[in-house]
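Before any comments, here is the structure.
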Amino acid sequence: MRIAVAMSGGVDSSVAAALLQAQGHDVVGVTLQQWPRDDSEEASRHGGCCSLNAVEDARRVAALLDIPYYCWNLEREFGERVIEPFHRDYLEGRTPNPCVRCNAFVRFDLMLARVLELGFDRLATGHYARVMQGPDGPELHAAMDDAKDQSYMLYHLDRDRLARIVFPLGGMTKREVREHAREFGLPVADKAESQEICFVPRGETARYLSARLPVRAGVVVDSSGREVGSHRGTALYTVGQRSGFGDLVEPGPWYVLRVDAPSNRIVVGRREELAVHEVALQDVTFIDGAAAEPLPCEARLRYHAPAIPAVYERGRLSLGEPFLGAAPGQAAVLYSGSRVLGGGIIASA
């Protein structure tokens, strides 16, 4: 087949390209230039997946494999579909996952459409997930390596798109991928992992947001409405957080229970108050297009959070055990064993 490989300059996508070429496919490498060019120095500094360094690494791998290589500029689209909603969500008191949006609205929407328009048979990426043939068509399954599984990020895919996608690494461990990289002689074999949010320096989300959003100090209250301290701006906090407050009137630990952006208040409480038994979802999609309800399943309410028993019905997810820190804006992904059924965005808990 003629396969376009999304190459980020990391070891995973590089090995994906090398494996597909070794299998006899006609492989072309493509990197998405998504980073705003006026921030290129910042991107290079922290090594995001679309930084200048990443592009150069992808180009070097493509040259070594002797495959055609292209860099497509989707800076404007990435800004509109990922960065601007990321900012807006934090301003409105939510905790977004921009990698979910990037996969849903850039990589497996704009990029996949362009790849197919250019006559390729498939788009391949270095994601740790598996596409398996089921009785009713392609299914999305978690990767064999639980520690690297990225199926949570891909719940929005449908059967039509799954039929056009290849995940060569879904049955491998990270150690095996690095071993393949050394066997192929790839210059990125020992390259460090890239961070999850490509446009935010690792561990500096609050600094990034405070430099770009209008934040103002406000009060911290407990769950009864009693004022107990102050905060630096609601956009800098997320449900479950236990730091970043001013001096509180009582010793902690205190945890963020709710971010009330309209009133510029942070509601805090003790750890046990984080527990929720039901969440409301919005923008719910299913890989099969629909699902019989009520739907018994297992749900993950954060990336790499353990799956817990749940029942989905009419936009609500009833949890079989309490979950600590369900944050509006995060994805809730529904599974049946290793199979991804679908998911949605947490609206409230």
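For first residues located in the range 1-18 and of a type in the set (D, E, K, R), partners that are open to solvent by less than 10 Å² (accessible area, probe 1.4 Å) and lie 6+ apart or on another chain with Cβ distances below 7 Å form the pairs ASP12/LEU169; ASP12/VAL177. Would you check which residues across the range 211-223 are within 28 Å of PRO251 (Cβ to Cβ) and either within 22 Å of the chain's Cα centre (by Cα) or in a strand (DSSP E or B) (or both) and list them? GLY218, VAL219, VAL220, VAL221, ASP222 - these are the residues of the range 211-223 that are within 28 Å of PRO251 (Cβ to Cβ) and either within 22 Å of the chain's Cα centre (by Cα) or in a strand (DSSP E or B) (or both). Of all residues in the range 338-348, those satisfying the criterion of being of a type in the set (Gly, Ala, Ser) and either in a strand (DSSP E or B) or out of contact with any strand residue (DSSP E or B) (no Cβ under 8 Å at 6 or more places or on another chain) (or both) are GLY342, GLY343, GLY344, ALA347, SER348. Residues in the range 98-141 that are touching a residue at least 24 places away in the same chain (Cβ under 8 Å), farther than 25 Å from LEU334 by Cβ and charged (D, E, K, R): ARG114, ASP121, ARG122. Scanning the range 188-218 for residues that are open to solvent by less than 50 Å² (accessible area, probe 1.4 Å) and over 21 Å from PHE86 (Cα atoms) turns up VAL188, ALA189, GLY218. Within the range 183-201, can one find any residue that is in contact with a strand residue (DSSP E or B) (Cβ under 7 Å, 6 or more places away or on another chain), at pLDDT below 95 and either in a helix (DSSP H, G or I) or closer than 30 Å to GLU272 by Cα (or both)? Within the range 183-201, none of the residues are in contact with a strand residue (DSSP E or B) (Cβ under 7 Å, 6 or more places away or on another chain), at pLDDT below 95 and either in a helix (DSSP H, G or I) or closer than 30 Å to GLU272 by Cα (or both). Only one entry in THR238, THR285 is outside any strand (DSSP E or B), touching a residue at least 24 places away in the same chain (Cβ under 8 Å), out of contact with any helix residue (DSSP H, G or I) (no Cβ under 8 Å at 6 or more places or on another chain) and on the phi < 0 side of the Ramachandran plot, namely THR238. Scanning the range 330-349 for residues being open to solvent by 10 Å² or more (accessible area, probe 1.4 Å) and on the phi > 0 side of the Ramachandran plot gives a total of 1. Applying the criterion of being modelled with pLDDT of 95 or more and surrounded by fewer than 20 Cβ atoms within 10 Å (Cβ to Cβ) to the residues of the range 291-301, the residue that is farthest from the chain's Cα centre (by Cα) is PRO294. Within the range 269-277, identify whether any single residue is over 24 Å from the mean Cα position of the chain (by Cα) and open to solvent by less than 10 Å² (accessible area, probe 1.4 Å), and answer yes or no. The answer is yes; a qualifying residue exists.
The values are calculated or read from the model by the stated rules, or taken from the named source; none is laboratory data. If you're wondering where the values come from, they're calculated on a predicted model, not measured in any experiment. Backbone-built Cβ (ideal geometry, glycine too); neighbour counts: all protein chains shown. Side chains included, ligands, DNA and RNA excluded: accessible areas come from the protein's heavy atoms. Shrake-Rupley method; radii C 1.70, N 1.55, O 1.52, S 1.80 Å.
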